[in-house]
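Just below is one structure, and these are the notes that go with it.
The values are calculated or read from the model by the stated rules, or taken from the named source; none is laboratory data. Bear in mind that the values here come from a model prediction, so they are computed numbers and not experimental data. Don't worry about glycine lacking a Cβ; one is built from the backbone with ideal geometry, like all the others, and counts go over all protein chains shown. In case anyone asks, the SASA skips ligands and DNA or RNA and just uses the protein heavy atoms, side chains included. Shrake-Rupley method; radii C 1.70, N 1.55, O 1.52, S 1.80 Å.
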Amino acid sequence: MADLQGGAAAEGGRAGRLTPPAWLIRGLRPQDAPVPWAAVARAAVALSAPLAAGLASGQPAYGALASMGALSGVIGDTADAYRMRLLNIAVPQLFGAVGVTLGTLVYGQGWVAVGALTLVALVSGMISTIGAVASVSGLLLLLNAVVGAGLPMPGPWWTAPLLLGLGGLFVLVLTLLGWPLRGRAPEVAAVAATYRSVADLLAAAGTGDYDARRQDVTQSLNTSYDLVLARRARDHGRRGPLVRLLAQLNVVIPLVEAAAAAHRYGRASRRPEIAAAVRELAVAVESGRRTAPELVLPEPEGPADRAVDRALRHASAVVHRPDADAALSHDRLGRPAALGVRVRRAARNVLMSEPSWRYGLRLALCIGIAQVFVSLVPVTRSYWVALTVTFVLKPDFGSVFSRAVLRALGTAAGLLVAAAVLAAVPRGWADVPVMMVLAALIPAISAKGYAFQTAAITPVILMLSDVLNHQGFHLVLPRLVDSLIGCAIALVAGYLLWPESWHTRIGDRLAKAVEDAADYVACAFGPVGAAGGTDQGERVRRRRRLYRDLSSVRSEFQRALTEPPPTGARAAAWWPLVVAVERIVDATTAARVRVDHGAEPPRGTEITGIEEQLRELAEGLRSSEELVEVRADLPGDEKGVLEPLRQEVRAARAIASPAPRS
């Protein structure tokens, strides 16, 4: 029996050693995302139609280039609102045209090409830090420059940018076909989804599911405000559907704030009639219904319930109002600045920002090394090395380390599909139906994760490359080798040589969030001893900004969790503190709501004590590599309105205290 147990233990030990690390399992775990069937259909048509047109005209290479442009458009079509989709597809195509033109002009120029691509990489990296559209634009600028410098392009120098642009334009046309019929549908759907997320939040009040539902509400509010205010930047009217929609979105905020109080104190507000009434409001927003139903709500039993009841009745009145009051449609988060102002700000941020230069230099170094390597070492398809570096170092895809590993795995999986296609399918008209199937897989599985996206894109790129250079099955092995070389360059020159400070990436951002939470506590109750506090609009703006910042911190933590130790281990240790800060903000909001609806306001010493404790915690996080202990008393009445907030601050302090060492 002992031998059997010893053998089992040995087998368990060997199994444990063979288990993939947790960060790799996280990266390979498919995310739960619905299949975007409309995008699937668009991708299938957008990539196969140009290929078919090229074959029909006797110019398959031209069709392949147009399909490559369409591929860029399909990858960049990630927004919901039509106006944003127009920018997401059209603007990057212009940068892509510039990139392929520059690459074509230096094709075969040796070291001149190395220097040119390194400079393009610097510019690409710097502009990629501006935002989502700029990130895709920088990506296409560099990708197309690398392709133009590595592949002989058919026809005059202007042929390639023209064909790539036509492919992107084809995707844009397919995307915008529904705009006349569904012009405001994405914005309306986003606001209705926000109401549904708030209904789920209220249904989860008082349960352990509340924190997760609060995250959903934050994300939904971010999406809705981004979509609505993006249109609001051009619509300055005080009446009309957009004003009405913005008013309907703004009245969600008091309901979200009341939910924080209902979670801790509400009784009647936790009954299912409340969540059902909010879901009915979502239907009314979506359908444009103007007839207000009679609200039959449970009788409020305290300040928290009164807050929910009043916010819900107010939201119902606004949602069903035929012409929303312009006073309710003010831009609580601030209307986006004029385009010229935003361009000047972006240019200043690019030129003066340390992160911008750091990322630009990192990308330029890696591309320079890749181009020098392929210039000195014979490589079958040299441009694949630089392409791999570009994809791995894209700033908003996640951790550089995990991207390199996941790209290698995704490429290997994609090559298995590509090998079967290139070996079994003869070049010609048979490529068209195969391309339809492979293209449809890109949007279908890209949302599952980075490795899945790589696996879906790889066979499409190989098929299009084969149309241009006719190497067939012989493309497969060089593609794998070059991808592994590119991943290695990105890991060494783009990751190991740039040991970013833990504080720079996460510590400072989390400390700033804690500091902002202290400011929010002070703002919520105004000058010390004042019950009225700062005006409600300012409190709303601060709270929304704080939750948006915490959402970004969460995203950064999730990226760090996919990295190997020590970064991943530190992220796991600090993660509970992010949740604790969110709960502090919620507890502050709940206390303010209770005071607004009849609870006794806190004393000035209570507010000052909590604020000082949070600032001390922020300073400790900013000055130490490890979680630090913060010790201080928090004076106050155990039955007072701020007692739950003090409990959350104590919990954060306990999380930040290092565990005693044995």
**Q.** Filter result for the condition that a residue is closer than 30 Å to Ile130 by Cβ and within 30 Å of the chain's Cα centre (by Cα), over Ala413, Ala456
**A.** Ala456
Q) In region 506-528, is there at least one residue being within 23 Å of Leu151 (Cβ to Cβ), at pLDDT 85 or above and open to solvent by less than 30 Å² (accessible area, probe 1.4 Å)? A) no
Q: Working carefully through the options Asp323, Asp309, find the one that is open to solvent by 20 Å² or more (accessible area, probe 1.4 Å) and at pLDDT below 75.
A: Asp323
Q: Check region 126-146 and report whether any residue there is within 24 Å of Ile369 (Cβ to Cβ), at pLDDT 90 or above and among the hydroxyl-bearing types (Ser, Thr, Tyr).
A: no
Q) Here are some conditions: (1) open to solvent by less than 20 Å² (accessible area, probe 1.4 Å); (2) closer than 27 Å to Thr78 by Cβ. Ala113 meets all but one. Which one does it not meet? A) (2)
Q.
I'd like to know if region 37-51 contains one or more residues that are assigned to a helix (DSSP H, G or I), aromatic (Phe, Trp, Tyr) and touching a helix residue (DSSP H, G or I) at 6+ places or on another chain (Cβ under 7 Å).
A. no
Q) Within region 96-110, which residues are surrounded by fewer than 24 Cβ atoms within 10 Å (Cβ to Cβ) and either in a helix (DSSP H, G or I) or modelled with pLDDT under 90 (or both)? A) Ala97, Val98, Thr101, Leu102, Thr104, Leu105, Tyr107, Gly108, Gln109, Gly110
Q: Please find, within region 489-504, the residue that is modelled with the highest pLDDT out of those that are surrounded by fewer than 16 Cβ atoms within 10 Å (Cβ to Cβ) and assigned to a helix (DSSP H, G or I).
A: Val492
Q. Out of curiosity, is Pro478 in a helix (DSSP H, G or I) and open to solvent by less than 50 Å² (accessible area, probe 1.4 Å)?
A. yes
Q: Taking the options Ala258, Ala262, Ala292, name whichever one is closer than 15 Å to Ser316 by Cβ and in contact (Cβ under 8 Å) with a residue 40 or more places away in the chain.
A: Ala258
(Q) Quick check on region 126-146. Is at least one of its residues in a helix (DSSP H, G or I) and within 30 Å of Glu648 (Cβ to Cβ)? (A) no
Q: Report whether or not Gly54 is under 18 Å from Ala132 (Cβ atoms), small (Gly, Ala, Ser) and assigned to a helix (DSSP H, G or I).
A: no
Q | Total residues in region 402-451, condition part of a helix (DSSP H, G or I) and charged (D, E, K, R) | A | 3
